[in-house]
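As structure tokens, the structure follows; a few thoughts come after it.
Read the figures in this text as sums done on the coordinates, not as results from a lab. The structure presented is a predicted model; accordingly, all values stated were derived computationally and were not measured. Virtual Cβ from ideal backbone geometry, glycine too; neighbours counted across all protein chains shown.
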Amino acid sequence: MKSYIFLLFLLFLLLGSLLNAKEYNSDLLHIHATIFPKILLTDTQLQKKLVDGKIKIIILHSQQDQESAEKLKQEILSLYPTIDNTPLSISLQQYNNVKDLEVATAYYELNGEINAIAHVNKIALKNRRITFSLNESYLSFGTLFSLHIGKKVSPVINISSLKRSKIILNNIIFTIVRIQ
């Protein structure tokens, strides 16, 4: 019976891969929605990066991740209608439109093409904006933060991207992050 269930599980995984399905685990989205806004608070220049008096987050996603991006947006807004008494605004933008990347306080990256991820990171770091990804491997392409989820959840920071960006973070963050 166990092997039958395991085979069904593998079949569903295979079908999901073949169809390029990217449904994210709701618990994982919840963890990210809880931690990402708290990381923004460590930016010592956050108030200077507001857009129209709001903390504006852009969630970047592929076309097939539209629903997951919307879920993440709703999750963050339900947890944090404001961050440090500042209103929060979240918009969604597809990676195929990154040439026209809107100005934001921070960028959250769902899975996408590496060229688009690198482009977003280049613009964000040039403008001293925090980038955060669901995919820890994106740190290799300039993303500033991600989460490592193992026995415990640990924020991970790309220290070379931080240095290049000249973003100044509150020192408290370095007591809780893993440095890559």
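The residue that is farthest from the chain's Cα centre (by Cα), counting only those in the range 76-86 that are in a loop (DSSP other than H, G, I, E, B) and within 20 Å of LEU144 (Cβ to Cβ), is ASP84.
Identify all residues within the range 87-116 that are surrounded by 15 or more Cβ atoms within 10 Å (Cβ to Cβ) and part of a strand (DSSP E or B); write none if there are none. Answer for the range 87-116, where residues must be surrounded by 15 or more Cβ atoms within 10 Å (Cβ to Cβ) and part of a strand (DSSP E or B): LEU88, SER89, ILE90, LEU92, GLN93, GLN94, ALA106, TYR107, TYR108, GLU109. Of ILE167, ILE172, all but one fail to be in contact (Cβ under 8 Å) with a residue 60 or more places away in the chain and assigned to a helix (DSSP H, G or I); the exception is ILE172.
Contact map, the range 131-151: first residue touching a residue at least 24 places away in the same chain (Cβ under 8 Å) and under 18 Å from SER68 (Cβ atoms), second residue of a type in the set (Phe, Trp, Tyr) and part of a helix (DSSP H, G or I), Cβ cut-off under 7 Å, separation 6 or more or different chains; pairs are PHE132/PHE36. Evaluated against (1) over 12 Å from the mean Cα position of the chain (by Cα); (2) polar (S, T, N, Q); (3) closer than 26 Å to ASN170 by Cβ, ASN96 falls short on exactly one condition, (3).
Is at least one residue of the range 23-41 of a type in the set (Ser, Thr, Tyr), surrounded by fewer than 15 Cβ atoms within 10 Å (Cβ to Cβ) and part of a strand (DSSP E or B)?
Within the range 23-41, not a single residue is of a type in the set (Ser, Thr, Tyr), surrounded by fewer than 15 Cβ atoms within 10 Å (Cβ to Cβ) and part of a strand (DSSP E or B).
Among the residues making up the range 112-130, those that are under 21 Å from SER68 (Cβ atoms) and in contact (Cβ under 8 Å) with a residue 60 or more places away in the chain are VAL120, ILE130.
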